[in-house]
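Participant: Right, I'll just put the structure down here and ask away after.
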Amino acid sequence: MSRAGSHRASARRGGAAAVPGARQPSMMENVGGDPGDLVVEARDLSLRFGGVTSLDGVSLRQRRGEILAVIGPNGAGKTSLFNCLTGAYRPQEGSVTFWPQPGQSTELLGRRPHAITRLGVARTFQNIRLFPALSALENVQIGTEVRQKYGPLSVVLGLPHARRAERDGVRRAADLLDLVGLAHRTHEQAASLPYGEQRRLEIARALGTDPRLLLLDEPAAGTNPVEKRDLAALVTRIAATGVSVLLIEHDMGLVMSLATTVAVLNFGRMIAYGSPSEVQRDPAVIEAYLGADSGTGPGPGAGGAGNRRELG
Amino acid sequence: MTGPNVPGQPAPRSSTSTREGREGPGGPRRVRPSWHPAGLRSPARLRQLGVLVLLGLLAAVVTGPTGNSDHPLRAAWDSIADPRIVLFLVIAVVLWLIVALGGQLRTLAVRWTTPVREPVGAAYGRRGGPIALNLALLAVAIIAPMLFSTAAQQWMVDGVGIYALLALGLNVVVGYAGLLDLGYIAFFAIGAYTTAYFTSQTAMPWHAPFTLNPFFVFPIALLLAALAGVVLGAPTLRLRGDYLAIVTLGFGEIIHLLANNADGVTNGARGAFGVPHLSIHLLGIDYTWGIDPLPYYYLLLAIIVIVMIAFGRLERSRIGRSWAAIREDEIAAEATGVATLRLKLLAFAIGASVSGFAGVLFASKQFFNPQSFSLQASFFIVAVVIFGGMGSRLGVVVGAVVLQGLTFYLRDLVAPADRYIYFGAVIVTMMIFRPQGLVPSRRRRREIELSEAGVGAADALGAAPTGARP
Amino acid sequence: MGFFDQFWQLTIDGLMVGSLYAVIALGYTLVYGVLQLINFAHSEVFMLGSFGGLFAARALLPDGGVPGGFQSVYLVAVGLAVGALCGALAAFTLERVAYRPLRRRSAPRLAYLISAIGASLFAVNLAGKEFGRQNVDLPDLFHNDTVFTLFGADVSTQSLVIFAVAIAMLVGLDRLVAGTRLGQGIRAVAQDADTAVLMGVNVERIIIVTFVVGGLLAGAGGFLYAMTFNASYSMGFVPGVKAFTAAVLGGIGNVRGAMLGGLLLGLVESYGGYLFQASYKDVIAFLVLVAILMIRPSGLLGERLGRAA
Amino acid sequence: MGRRPILGAIALATAVTLSAAACGSSGDDTSSSGKKTITIGFQGVLSGDNQQLGLNALYGVKTAIAEVNADASYPFELKLVESDDAGSPDQGPTAAQKLIDNKKVVAVVGPMFSGATKASEPAYSQAGLLSVSPSATNPALTTLGFTSFYRVIAPDTVQGKAAADYLADVLKAKKVYSLDDKSEYGTGLSGALEPELKAKGIEVIHDGINPTKDYQSEATKIIAAKPDVLYYSGYYAELALLTKALKDKGFTGKIASGDGSNDPQYVAQAGATAAEGVYLTCPCGDANSDPKAAAFVESFKKVNNGAKPGTYSGEAYDATKALATVFKQLGDDVNRESVLKAFPGVNYAGITKTVSFESNGEVKGSNVYVYQVKNGAITVLGNIADLIKA
């Protein structure tokens, strides 16, 4: 399965024989039935842009604490799915339920992205989107201060609770920089960091918002093997703190070593769902990736130079 | 103008090298010091000469006689067919020689216009810049008016002070939140008319059943203007930069026209006469600000200092960082949980309230009519903010001092009718040389450098225009 | 006194002014489409074109009486041509002086705006100095009779000429953008300048051409404007703001949107001025704009020059 | 291609130009004869949209000064200091203060616009510096408690009443469309005109339109209302456009306007054909058509490079001449205090009127004349009071 990379042309050819949508509900039966331990559930998401269908009735469940990887060829709708979960896109049909705490459910659709983030869903971007002119610390601070309540008047008057909150935000941000191994970069401008560190800084910023669910969009894109290994360790550490991780990744080695569950998208539909080994054996997946000659994920740079406006 | 930089000395290469890289194919030629005569005959040099001669002719026309429409070209011709033209041509040629032969001038210009790159770490955490410098500036501001004529003092209040305050407010909108507001003067008008409503029974046909001291109107106007900002902003802030610009422009024009046309409410074009001066009657202190400009100046100075300190705190707080995040990448900011709309609205409201505050001050100082709230005034405040340096508190104040000072200086220097020719030329020249403004803020300067390099947007209005990167 | 008695007359008045707004609006929209920047000095391009056309036509105007027939056509044509040339020259100079150096320096967007305001101040006041600060009348170039009546409304030669020339220019530009190689280049740059460069489009040239085309239209439009409304050094500002509004109304960056926006704005002003106190017609025009933007945030026909054709 | 050096040169050139301009404007400080010099100030609209009105007045002042300086019977030379207020209240106090600061200035002609006047007069009153406005017509100005304000032009009320009489009694209008430009001057005039008309039982339709270029739909509106007379309260540039639009659309009623339109430029801008027959009321004797003032027109042209007198030129000239008369009477004792004290007693036969004042600063006994455009020239029909009796 690690050979099933992202060769565009062949992936599309393979998609012509896409699995009928009727199969999809059965995918979900693989998941243990009790909604009590779910962290997020998307049901029948359909997203269309003009005549182009980006998501076609996708459903997805993730258990709390699980690392779920979404894979699929380019243009399969992975990032669209992320954008629907985080409120950047508004799908025409479907619903997304999120459980910040067990037994405490919220509908995410129709909320603005910042509101969803505050509920506990944080994300990173495929093409890194840091605040380039801010320092590393400031970038993370934006995240750690998200739920702080003090207003402009307290700031201007320098009230004690505002100062305390500010100090608290800085401390937590510094801790997170430490966690992702960027403590030595604290006061450096985000744009001046090397690529791999920018990726980690983005994760730190997302963690700053104190999420229950963390969405990572191709975190390993454009990183070297050493950085990949560090990244895998980092994601495992994050998951160990009780944060559920939803991951888009092309690097199959990383996916197979990290993910507890894998979902496969192709042409806006989910064609497979299960443990890494199950998915690897799934005929539909093999068919979708058939002919894909052993690309091992996108080459370096595929993540960085994307169109900045794609989410706009 | 050229100072000690005599042509003929080789330029230190190192100081130019950072910029040369961006100059494209033309760059390397400039590095080679070309003061041997042959270099003067290159096409590029000859083109420079042509441009400079054209500029010389233009300068001759600008300073020449005034014409009329019966003989549209006569004035221009009279300016050129005049012995004076020799002076302008000589200046043009001398300039060309200096430019062509002297590397120093370029070096100087580059050194002056290239922002100093300091590491972020050095800048970070330094609160409000060196205190000594700020205190020195404050001392200058306190002493300065005493050295000037009363007319200049008057202008330091009406022109410089009020506009500095307005620019500080608009800076929150444009510089911090990255939103272009072309109708900012409307909030100023709201402040001024609120004052007239509450403090005088005679200024407007429409007035409060009671009379307040103008000091009590400050909080009212502050809130009303902020409210107006929210009312205007709530539906429109979803719009993208340029649409927001035109909607705010429309709003400003509507307020202006309403003030002018609603005779029965605002007294229309006749304006509001008779708003009392500020006065304090408290704890045995009885003081009234009068016609003399100085007391108003110091009051304004105090307010400006307070506002600068307050906005400095704001800028370094969670709120300021969120604004920076919105400016740099709105989508990422939203995804990081920044309530972008609410923060933009906050910027709008804060900016508006400062404008309303300034309106009270203005109304209590002197007579006003709707002319004070024209579209041009809005443009002018935007110009002050950009000219001084978006996002920099000191910058926008310096912008007000320089631009308004320039209008005052030109008042005596050239025919009043021609004043704005020079004014316009100075603005264009300034923008060519120093688009980041006179005193850009550190953060903005970094953003602009990054946007030059193609990373991030310099403002929420999107990246630099097409073709900006050679 | 009823509104409907005058409806058609007001419609004709509105269309005449609206077509002029549309012609000026095209300059804003073209530049915006290509550069994503509001060319605030476009109103002065319009003003200078207006003076150029007016002076040229007046210089050729024979003494005594209103010319007729072929001579009228010739005078109008000369006025339009000289106006267009002056406009193009002004736009070219503006681009070279106030914008290009900023592009070289990768200035932030707002710097362009301020540069434009400075250039505008310079041009307005220099024109005032050179041409005097009085309004200048252009004597009649043809007999301004009623050509025909439409539902009881008089259609004069003048409104007919203005409307016809304006529409011809609008259609011509639309064809230019939609159907020629040059137009293709403009659209390519508008859609994605970086890609256009890779495809071999000379972006600098396209930018200059865009300014020049906008200047040609504004200059010719300026001459048409001066035929009815006189010329003056400060004439540019108000129609400039209106035309910009029209461009946004139709969807800035969209050629057909600018036409639609201009005509619509003209009509709104005409009707609004009749129905309410005339001094509130600008208020009404802006309120309509705000209302439309609330409903359709990217203008009536949407943005993007690239999609215009 | 060495772009930056060019830019550097531009900056340098700008600086040089500015300094050159500075040299050019500061070279006028010479006294030619042995006569003593008296300095007067001029505060007016020297920039902005209404600049032409300011220039009209400024040229009038300059004409008077040139005449005085050339006239041996005046034992002094006049010198002028100009101060621009752009006609706006924002710049008024500074413009006034500039003249007040100049201790040589003993009297001021101006301010011109009522708005700038209201903003400036507190400073003049405090400084005890006489200011004589050639053009501020707001009736309230003399009631606001300014102690050094005088004007040589009648307030709007005088003209409004006379114009109403003329429309009613001479033109026999039954229905009048009163249009103002929403300016201080325009609303003041229409506000004085309309009650008078209504009192005479005439139907009045009121409308206001901010100065614009496009009067097409307004013309349609006016024609639809079928008035006998349209009275426009505003300035000539806009009236010219309005007249053109009305004539193009075949308006058959009469057109009338006030002193703001009584300017030869009106005919030039509207075109002689369109302007033909238009009535203009004015509380002034017009310099161009009044034979008594022919000499003024000649000397005006001579002093001002061939420019012709326009709206407010005559008033500014008269104000300056009246000041000169006072200076002459005062002899050696010319200072702010003495001028302010002596000026109310002046009696000077000017070209627009005899300049003498009521105690509140209003000019005495203003006659309102009516003019008509005939064959492309503004010609006087006579004093309205006389025309009504006839």
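Participant: Between residue B:341 and residue C:291, what is the label-point separation in nm under the 7 Å Cα-to-beta-carbon projection?
Facilitator: A separation of 2.3 nm, rounded to one decimal place.
Participant: Can you show me the helix-derived [θ] at 222 nm for chain C, built from DSSP H runs with n ≥ 4 at -39,500 (n - 2.57) apiece and divided by the number of residues, rounded to the nearest 500.
Facilitator: Numbers: 12 runs with 219 residues, N = 309.
My calculation for chain C gives -24000 deg cm²/dmol from helical runs alone.
Participant: Which distance in Å, rounded to a whole number, links the C-alpha centroids of the stretch B:300-352 and the stretch C:1-55?
Facilitator: Using only Cα atoms, the two centres lie 38 Å from each other.
Participant: Okay, next question. For the Cα atoms of chain D, what angle does the longest principal axis make with the long axis of helix D:236-248, in degrees from 0 to 90, nearest 10?
Facilitator: Roughly 30 degrees, rounded to the nearest 10.
Participant: Just in the stretch C:1-40: which chymotrypsin sites (Phe, Trp or Tyr not before Pro) are loop by DSSP and have at most 13 other Cβ atoms within 10 Å?
Facilitator: Working: sites: C:3, C:4, C:7, C:8, C:21, C:28, C:32, C:40; in loops: C:3, C:4, C:40.
Listed in order of number, the matching sites are C:3, C:4.
Participant: Pairs of Cα atoms under 8 Å, at least six residues apart: use those to get the relative contact order of chain D, whole percent. Mind dumping the intermediate values first?
Facilitator: On the way: 794 pairs, mean separation 65.9, N = 390.
It comes to 17 percent, rounded to a whole number.
Participant: Kindly flag which residue pairs out of B:365/D:328; D:198/D:244; C:129/D:118; D:301/D:389; D:118/D:254 have an alpha-carbon separation exceeding 32 Å in this structure.
Facilitator: The pairs that break the limit, which is 32 Å between Cα atoms, are B:365/D:328; D:301/D:389; D:118/D:254.
Participant: Mind giving me the FRET efficiency for residue C:143 and residue B:71? R0 is 22 Å, r the Cβ-Cβ distance, nearest 0.05 is fine.
Facilitator: On the way: r = 28 Å, r/R0 = 1.29.
The pair residue C:143/residue B:71 has a calculated efficiency of 0.20.
Participant: Tell me, what HN-Hα J-couplings in whole Hz come from the Karplus equation 6.51 cos²θ - 1.76 cosθ + 1.60 at θ = phi - 60° for each residue of the stretch A:94-106, using x for Gly and Pro?
Facilitator: Calculated HN-Hα couplings, in order: x, 8, 10, 10, 10, 10, x, 10, x, x, 10, 9, 9 Hz.
Participant: What whole-number distance in Å separates the alpha-carbon centres of the stretch A:63-117 and the stretch D:35-96?
Facilitator: Taking the Cα centre of each part, the stretch A:63-117 and the stretch D:35-96 sit 74 Å apart.
Participant: On C-alpha positions alone, give me the angle between the axis of helix C:255-275 and the longest principal axis of chain C, in degrees, nearest 10.
Facilitator: 40 degrees
Participant: Mind giving me the nanometre distance, one decimal, between the label points for residue D:354 and residue C:63, set 7 Å out from Cα along Cα→Cβ?
Facilitator: 4.5 nm
Participant: With each run of n ≥ 4 DSSP H residues scored as -39500 (n - 2.57), what mean residue ellipticity at 222 nm is computed for chain D after dividing by its residue count and rounding to the nearest 500 deg cm²/dmol? The partial results should precede the final answer.
Facilitator: Working: 14 runs with 168 residues, N = 390.
Counting only the DSSP helices, I get -13500 deg cm²/dmol.
Participant: How far is helix D:156-165 tilted off the main Cα axis of chain D, in degrees rounded to 10, range 0 to 90?
Facilitator: 30 degrees
Participant: Tell me the relative contact order for the stretch C:182-309 as a rounded percent, counting alpha carbon contacts under 8 Å between residues six or more apart. If you can, show how the numbers build up before the last one.
Facilitator: On the way: 124 pairs, mean separation 34.1, N = 128.
Relative contact order for the stretch C:182-309 comes out at 27 percent.
Participant: OK, next. Please give me, ordered by residue number, the chymotrypsin sites (Phe, Trp or Tyr not before Pro) of the stretch C:219-309 that lie in loop per DSSP and have at most 14 other Cβ atoms within 10 Å.
Facilitator: Values: sites: C:223, C:225, C:229, C:233, C:237, C:244, C:271, C:274, C:276, C:280, C:286; in loops: C:233, C:276.
Counting only loop positions with at most 14 other Cβ atoms within 10 Å, the chymotrypsin sites (Phe, Trp or Tyr not before Pro) in the stretch C:219-309 are C:276.
Participant: What FRET efficiency, computed as 1/(1 + (r/R0)^6) with R0 = 41 Å and r the Cβ-Cβ distance, is obtained for residue B:305 and residue D:81, rounded to the nearest 0.05? Before the final figure, lay out the partial values.
Facilitator: Details: r = 36 Å, r/R0 = 0.87.
In this case the efficiency is close to 0.70.
Participant: Follow-up question, since we're still on this one. I'd like the distance between the alpha-carbon centres of the stretch A:199-238 and the stretch C:87-160, rounded to an integer number of Å.
Facilitator: When both Cα centres are located, 56 Å separates them.
Participant: Under a cut-off of 20 Å between alpha-carbon atoms, report the lysines in cross-link reach of residue C:281, not counting same-chain residues fewer than 8 places apart.
Facilitator: The qualifying lysines are C:242, D:182, D:213, D:221.
Participant: What percent does the relative contact order of the stretch D:155-250 come to when contacts are Cα pairs within less than 8 Å and at least six residues apart? Don't jump to the answer; show the numbers that get you there.
Facilitator: Details: 140 pairs, mean separation 33.9, N = 96.
Contact order relative to length: 35 percent.
Participant: Would you please give the FRET efficiency between residue B:412 and residue B:80, computed as 1/(1 + (r/R0)^6) with r the Cβ-Cβ distance and R0 = 30 Å, to the nearest 0.05? Each step should come with its number before you reach the end.
Facilitator: On the way: r = 27 Å, r/R0 = 0.90.
Approximately 0.65, to the nearest 0.05.
Participant: Then there's this: If the cut-off is 12 Å between C-alpha atoms, which aspartates and glutamates fall inside it for residue A:228, apart from same-chain ones fewer than 8 positions away?
Facilitator: A:197, A:218, A:249, A:251
Taken together, the values in this text are just the output of simple stated rules run on the coordinates, not laboratory data. All values derive from a computational prediction rather than experimental measurement. With ideal geometry, Cβ positions are generated from the backbone for all residues, glycine too; neighbour counts draw on all protein chains shown.
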